[in-house]
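The values are calculated or read from the model by the stated rules, or taken from the named source; none is laboratory data. Since the structure is predicted, the reported quantities are computational estimates derived from the model, not experimental observations. Glycine gets a Cβ as well: all are built from the backbone with ideal geometry, and neighbour counts include every protein chain shown.
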Amino acid sequence: MRIWQKILIPTAIVLLVSGTYLFFVWKHRQNPGVVGRQNQPEQPRSLDDVAVVRILSPAHFDDVTPLAGTSVWMKDGYTMPYFVYAGAHIEFGKRIGLIPAAQRLDVKEIIRQAAPASVDDNVQHDGRQVFAVFTLPGGKDPFATPIGYINGHDEAYYTDMLFYYDDPHKIYSNWPKDVWAAIDAHQVKPGMSELETQMSIGEKLHPDGPTEGDRTVTYDQNGKQWEITYVDNHATQIKTGQATLGSISQKEGMLQCASSISIVMQCSPVSSHCSMSSASRFQPTKPANLPPGDCAGVGASPSPVSAL
């Protein structure tokens, strides 16, 4: 066999194998199932998805002291207790209740104080706890709520989970006026989304499935149970106990309220609206007196939270 034949035969084999491989790659890429998935457009985002919610990521005490002199709004509503603050001291025996969702707090100072072991305020008790001292809009009486703890070199602060640092009315300015009216009254109306509901009655919830917006969620508003069904991220049915507070059909959007809820509606400042709440890592383990406006029941005891 001549030299050129010895070179040509292996070369031809290599070219044949390479050509076959390239042909199958080309055919594979002609499959619209593959190309279609690669070129599939992203799901459109809602205005809620692109809303800017500031976080501070505090790691040390000095990182939270700048909150003094600012206003924050409760994000994790109906989970954190607050106490009377008098004479530069927190009176743990005078627990007022749980701070409602979206409640504005005018922070006066950030302090450190040890809490008695018998006080369950949902923050670790080792060492000292860190508290935000605040007043309510239009009020002068100071209160205190825990926001973290310090134990030696170990520090933890939960302000990013507890608070909005900007007015949520401006963060979610795209929400309709009637939705904000329900939220400000700590009520829930049919058609509201899960986020809108949480803004209204807190984040203490137990969903029956992983798909947000298409599931039934049970809420605990400081001991009061609510059950809300969402379809396409709109509340279609709102229940408490055996009474159906409101429901809408997806096609017609008709509001229906059962006659069995008359006693509940007595405490509803927003006509035809229904209330609820949702879950957080700071779930309280003891019931507390609820401030007016959370509709925990008719005849609830008055509270210093007069603005709710």
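Here are the numbers:
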quantity: For residue 160: the one exception among (1) under 25 Å from residue 230 (Cα atoms); (2) assigned to a helix (DSSP H, G or I); calculated: (1)
quantity: Exclusive hit being in a strand (DSSP E or B), touching a residue at least 12 places away in the same chain (Cβ under 8 Å) and either closer than 28 Å to residue 51 by Cβ or not hydrophobic (A, V, I, L, M, F, W, C) (or both), set 133, 84, 107; calculated: 107
quantity: Scan of the stretch 184-201 for residues that are surrounded by 21 or more Cβ atoms within 10 Å (Cβ to Cβ) and more than 19 Å from residue 49 (Cα to Cα), ordered by number; calculated: 186, 187, 188, 189, 190, 201
quantity: Residue within the stretch 160-182 that is surrounded by 21 or more Cβ atoms within 10 Å (Cβ to Cβ), in contact (Cβ under 8 Å) with a residue 40 or more places away in the chain and polar (S, T, N, Q) present; calculated: no
quantity: Considering residues of the stretch 162-182 that are touching a Phe, Trp or Tyr at 6+ places or on another chain (Cβ under 8 Å) and of a type in the set (A, V, I, L, M, F, W, C) only, the residue nearest to residue 73 (Cα to Cα); calculated: 163
quantity: Within the stretch 1-75, helices (runs of 4 or more DSSP H) holding 3 or more residues that are modelled with pLDDT of 70 or more; calculated: 3-29, 61-64
